[in-house]
Amino acid sequence: MTKYTLRVDSNFSKYPVIQLSELAYLYGDGHAKCSLAKRICVMDSATLFSKSYSEARERFLDAANDCGFSIHSQVLDISGPAGEELAMDFAVGGPADAATALVIVSGTHGPEGYTGSACQLGFLTSPEFRELFANHRIVLVHAHNPYGFAWTRRTTEGNVDLNRNYVDFNQPLRGNPEYDALHDAFVPRAIDDPDAKRVLEDYREAHGPVAYMAAMLGGQRTHADGLFYGDTKPAWSQEVMVAGLRRWLKDQKTVLLIDIHTGLGPYGVPYLVHGYPENDPRFSVLNTQFGSAMRSTAVKEAFDEDLPVDPEGPIVLAMDWILPDKKTYAFVIEYGTYPPDEVLGAHQQDNWLHAYGDLQSEQGKAIKEELRRVMYPEFDDWKTMIWNEAEDALHKSAKVLSG
Ligand SMILES: [Zn+2]
């Protein structure tokens, strides 16, 4: 019998530990009804997750090849930390004349790519899903932001947050004066500047945690070295993505796109978000299938710390102009990792590192390690929960497409 060794940290206190012969593992309430065989099988799903961008890419390309998918790679003119090639890879399969298509995107935010890549690999290597989606066109986009995936950075090589970049730059954009006022405090010259911390704490106290998060996360186009920067022109990744989706989804009438993320919500719990208002028929289609786990950024009165803002420029809100002649469904899945202060704190530190720090220093390496830790819990229980939830989302997505 395989022996699994698990590290345990403070977040696991809610999960009971079972010892069974040589097999020791942790499980949540949702898994309590699984048979032992199923749990052992599920444990293996942790192996879908890779340790580096290049390992994830290689496994993705091998699996896509094994499925007979065609591969179309757009190579970035920057290499990875080990000199490896960085690319956005499109794996395209299923009948070219299918009326419907499933698109799964990984790595919109670099280190979240480990999770999206694992879900894509799970999809490709699962006979059940190959069968379930046999009549649909499939487009899997690996590493939307290959630079950030390989180098552990939310943003692109140009510090662009891709989920703030999918806008029509010919139209007036809304701006974020709250961010502008706080930029110097979000990105101080000295990493632990007490004055900067006080400014942020005062703002949070005066306006509340949701408004504070909205100011920070909403996106901004005024500070190229700042947080959640959306830029004033399309990023390389946006151009490659738009061209790829238009090219590989020419003949489909209905397209469902899932953009996989991590870092929002409780540990291992999925958070699904779309942007349709309540009077859009897609709102009720998605909510019928996914229930209360699916929320809309258009329902602003329900905003809270798990959904504090409707960011300007996520890809899931852009599908109607990317593919204007089609019926599209698009949503984000966020798999929760650690509390918001840890996640946002790691992003602030990483942003400071790129603005004022030294990537090669011990401090720089520690900041990168912390960013990876909060976005990618490398524990078998978390990975197992994620794949279980991804399976569930894929089953429900098939129902949406079969409509
Ligand atoms: Zn993300």
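Just so you know, all these numbers are worked out from the coordinates, no wet-lab data involved. Owing to the predicted nature of the structure, the values given are computational and were not obtained by experimental measurement. Cβ coordinates were reconstructed from backbone atoms using ideal geometry, including for glycine residues, and neighbour counts include every protein chain displayed.
Rank these for me by crowding, TYR356, TYR212, going from fewest to most other beta carbons within 10 Å. Walk me through the intermediate numbers first.
Details: TYR356 13, TYR212 22.
Placing the least packed residue first, the sequence is TYR356, TYR212.
Rounded to whole numbers, the Karplus 3J(HN,Hα) couplings from phi for the stretch 88-103 are 9, 10, 9, 9, 10, x, x, x, 5, 9, 4, 6, 10, 9, 10, 10 Hz, using 6.51 cos²θ - 1.76 cosθ + 1.60 with θ = phi - 60°, and x at Gly and Pro. Residue separation of GLU55 and GLU85 scaled by 0.36 nm, minus their Cα-Cα distance, works out to 9.6 nm of gained length. Residues in the stretch 224-234 carry Karplus couplings, in order, of 5, 9, x, 7, 6, 7, x, 6, 10, 8, x Hz; the curve used is 6.51 cos²θ - 1.76 cosθ + 1.60 with θ = phi - 60°, and Gly or Pro positions show x. Helical runs assigned H by DSSP (4 residues or longer) give the chain a calculated mean residue ellipticity at 222 nm of -12500 deg cm²/dmol, each run adding -39500 (n - 2.57) before division by the residue total. Among the listed pairs LYS326/LYS399; LYS300/LYS399; LYS300/LYS396; LYS300/LYS383, those with a Cα-Cα distance over 20 Å are LYS300/LYS399; LYS300/LYS396; LYS300/LYS383. Among the DSSP helices (H) of the chain, those spanning at least 15 angstrom by Cα along their long axis with an average Kyte-Doolittle hydropathy of -1.0 or more are 113-125, 236-248, 340-356, 380-402; this is a geometric and hydropathy rule only. Put simply, the amide H of ALA330, placed in the peptide plane, has neighbours under 5 Å in LEU257, leaving out anything fewer than 5 places away on its chain. Under a 5 Å amide H cut-off, with hydrogens placed 1.01 Å from N, VAL269 pairs with GLY336 among residues at least 5 apart or on other chains.
As a calculated quantity, the FRET efficiency between ALA302 and LYS399 at R0 = 22 Å, using C-beta atoms, amounts to about 0.35. Put in line by how crowded their Cβ is, counting other Cβ atoms within 10 Å and starting with the fewest, LYS327, LYS253 read LYS253, LYS327. Entry note: the chain has Rg to Rh equal to 0.95, where both radii use alpha-carbon atoms and Rh is the Kirkwood radius. Close amide-amide hydrogen proximity is noted between ARG221 and ASN176, GLY230, each under 5 Å apart and 5 or more residues distant or on a separate chain (H modeled in the peptide plane; Pro and chain starts excluded). In this label model, ALA96 and ALA366 are separated by 5.6 nm, measuring between points 7 Å along each Cα→Cβ vector. Each semi-axis of the equivalent ellipsoid for the stretch 321-385 is √(5λ) with λ an eigenvalue of the Cα gyration tensor; in descending order they amount to 31, 19, 10 Å. Each residue of the stretch 306-311 was assigned a 3J(HN,Hα) from its phi angle through the Karplus expression (A = 6.51, B = -1.76, C = 1.60, θ = phi - 60°), giving 7, 9, x, 7, 9, x Hz with x at Gly and Pro.
Averaging 1/r over every pair of different alpha carbons in the stretch 231-349 and inverting the result gives a Kirkwood radius of 15.6 Å. If one computes the Cα centroid of the stretch 248-289 and of the stretch 61-139, what distance in Å separates the two points? A separation of 18 Å, based on Cα centres.
Applying a 10 Å radius around every beta-carbon, put 236-245, 374-383 in order of their mean neighbour count, most first. Don't skip to the answer; put the middle values down first.
On the way: 236-245: 20.4, 374-383: 21.9.
Averaged packing, sorted descending, gives the order 374-383, 236-245.
Have a look at the DSSP beta bridges in the chain and tell me what percent are antiparallel, nearest 5. Bridges in the chain that DSSP calls antiparallel: roughly 45 percent.
Here the peptides 331-337, 127-133 are ranked by packing, the mean other Cβ count within 10 Å, and the order with the highest first is 331-337, 127-133. Entry for the stretch 287-335 at q = 0.19, 0.23 Å⁻¹: log10 I(q)/I(0) = -0.75, -1.02, Debye formula applied to identical alpha-carbon scatterers, no solvent contribution.
Note on LEU359 and GLU239: the extension gain reaches 40.4 nm, defined as 0.36 nm multiplied by sequence separation minus the Cα-Cα distance.
Fully extending the segment from GLU378 to SER70 would add 107.8 nm, taking 0.36 nm per residue of separation and subtracting the current Cα-Cα distance.
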